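The values are calculated or read from the model by the stated rules, or taken from the named source; none is laboratory data. Worth saying up front: this structure is predicted, and the values here are computed from it rather than measured. Note that we place each Cβ from the backbone using ideal geometry, even for glycine, and neighbour counts take in every protein chain shown. Protein only, heavy atoms only, side chains kept; ligands, DNA and RNA dropped before computing areas. Shrake-Rupley method; radii C 1.70, N 1.55, O 1.52, S 1.80 Å.
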Amino acid sequence: MTSISTLVLSSPADILAAVPYLIGFHPQDSLVVAAFAGSALRVTTRWDLPIGPGALDPLAALLRRERMTMAVLAGYGPAALVTPAVDQTLRLLREGDVHVAEALRAEGGRYWSYVCARVDCCPPEGTPYDPVSGRVAAEAVVHGLVALPDRRTLVRSVEPYGGLRRVAMSQATRRVAADVRSLLTRAERPDETAAAFVADGLARVRSAIGRYDSGGRLDDEEAARLGLDLAVIRVRDEAWALIDDREAHLALWRDLTRRLDPRFVAPVASLLAASAWRDGDCALAGLALERALAADPAYSMANLLCQALRHLLPPDALRERMPAPEELDAQMGRPRMSWLVPLIALLGEERPLLAG
């Protein structure tokens, strides 16, 4: 994703036009805080309104940890909903010695400022602005930034496919699962079989990333096989370690999050969350984690990323600790059949074919 810092924001209207591209959708009944360390945007986060007790506590910790110096607030909705949240946030920011460059409320195509009392620029009836077709929105689109119409549209972008696509994918999953089950059942040298399985899985991860990087897509059987591969932690960690700034990671893991049988969704949805978080899209990351934890509430990668998002950690907090693939080999040693136990458990959870 092209950084929002490439856009020039010179007015309250520009700020409000940029916010949807920071969070990925046009917000409603929301409070958005963009916090800076010097001139660098470090985090953008959004809360549903009204804000619950203790919801802003992670922001206070973030200000101390990241030494934030400036913030911009934007509240969306009626004054009775927005103003208490803005007042609470302003107190918190000022206690943290953070300069508030602007604090705005937007509703019905107009905005009001909480920090400007000049009637000539901030009249009581509000100032009209265009969040869709103004200069900032046009520049954002040119830079490849996207703002969906609302949060529900973003939710739908990670929901499972239904209808005939679901039927075709379920059939492919059954065929691939049967082949893998047969392979493991016939294994005369289990550890050697595991080593070959892992090596093939690592190769498929890299091939899939390359396929999506060139604009291609996995067919159903390829997608199903990769879903099985990623049930093995070493294969999943390879995919995690390879995440970089290419859009291919978002495209691949979003596609598989929507296509795979629910049994195999937790790893790919977690990888989608990691990719989105690295890209600065915390809204998409949070939705991907909801999909992962719905599939497996105990999935460790999803729970780790949930904690990072909940505490407003920057992506660098984990990125700098991620081992390279060769370090994973050194840490984990030679593949063993025990590595495939999670996959074997999933293969035993055969479910009836559903059309929806």
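The table for this structure:
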| quantity | calculated |
| --- | --- |
| Nearest-10 value in Å² for the accessible area of Cys121, using the 1.4 Å probe | 50 |
| Rounded to 5, percent antiparallel among DSSP beta bridges of the chain | 70 |
| Rg over Rh [alpha-carbon atoms, Kirkwood Rh] for the chain | 1.04 |
| Thr153 versus His311: modelled label distance in nm, points set 7 Å from Cα along the beta carbon direction | 3.5 |
| Size of charge dipole - the chain - debye, nearest 20, with Cβ of Lys, Arg +1 and Asp, Glu -1, no other charges | 520 |
| Normalised contact order of the range 61-138, rounded percent, pairs of Cα under 8 Å and 6 or more residues apart | 26 |
| With at most 11 neighbouring Cβ atoms within 10 Å, loop GluC sites (Glu not before Pro) (DSSP) excluded, longest segment of the chain | 189-319 |
| The range 199-356: C-alpha gyration tensor shape, a/c 1.5 cut-off, then a/b vs b/c | rounded |
| Part-to-part distance (alpha-carbon centres) for the range 318-346 and the range 13-82, which is given in Å | 37 |
| Over the chain: helical MRE at 222 nm, DSSP H runs n ≥ 4 each giving -39500 (n - 2.57), nearest 500 | -16500 deg cm²/dmol |
| The range 163-306 - percent of accessible surface contributed by carbon and sulfur, probe 1.4 Å | 51 |
| Solvent exposure, largest accessible area first (probe 1.4 Å, DNA, RNA and ligands not counted), of His311, His249 | His311, His249 |
| Estimated dipole of the range 216-266 in Debye, rounded to 20 [Cβ of Lys and Arg +1, of Asp and Glu -1, Cα centre] | 200 |
| Local net charge near Gly77, Cβ-Cβ under 11 Å (Lys/Arg +1, Asp/Glu -1) | -2 |
| Gained length - Thr185 relative to Ser39, 0.36 nm times residue gap less alpha-carbon distance | 46.7 nm |
| Residue order for Arg259, Arg321, Arg65, Arg334 - accessible surface, 1.4 angstrom probe, largest first | Arg334, Arg321, Arg65, Arg259 |
| Hz values of 3J(HN,Hα) by residue in the range 160-177 - Karplus curve (6.51, -1.76, 1.60), Gly and Pro given as x | x, 5, x, x, 5, 5, 5, 4, 4, 5, 5, 5, 5, 5, 4, 5, 5, 4 |
| Of the trypsin sites (Lys or Arg not before Pro) in the range 89-193, those whose Cβ has at most 11 other Cβ within 10 Å and which sit in DSSP loop | Arg118, Arg186 |
| Average Cα contact separation per residue, the chain, under 8 Å, 6 or more apart, as relative contact order % | 18 |
| Solvent accessible area, Å² - Ile23, 1.4 Å probe, full protein context | 10 |
| Dipole moment magnitude, nearest 20 debye, the range 59-124 about Cα centre, only Lys, Arg, Asp, Glu C-beta charged | 120 |
| Å² per residue, accessible surface of the chain at 1.4 Å | 47 |
| Solvent exposure, largest accessible area first (probe 1.4 Å, DNA, RNA and ligands not counted), of Asp200, Asp14, Asp120, Asp296 | Asp120, Asp200, Asp296, Asp14 |
| Nearest-10 value in Å² for the accessible area of Met169, using the 1.4 Å probe | 0 |
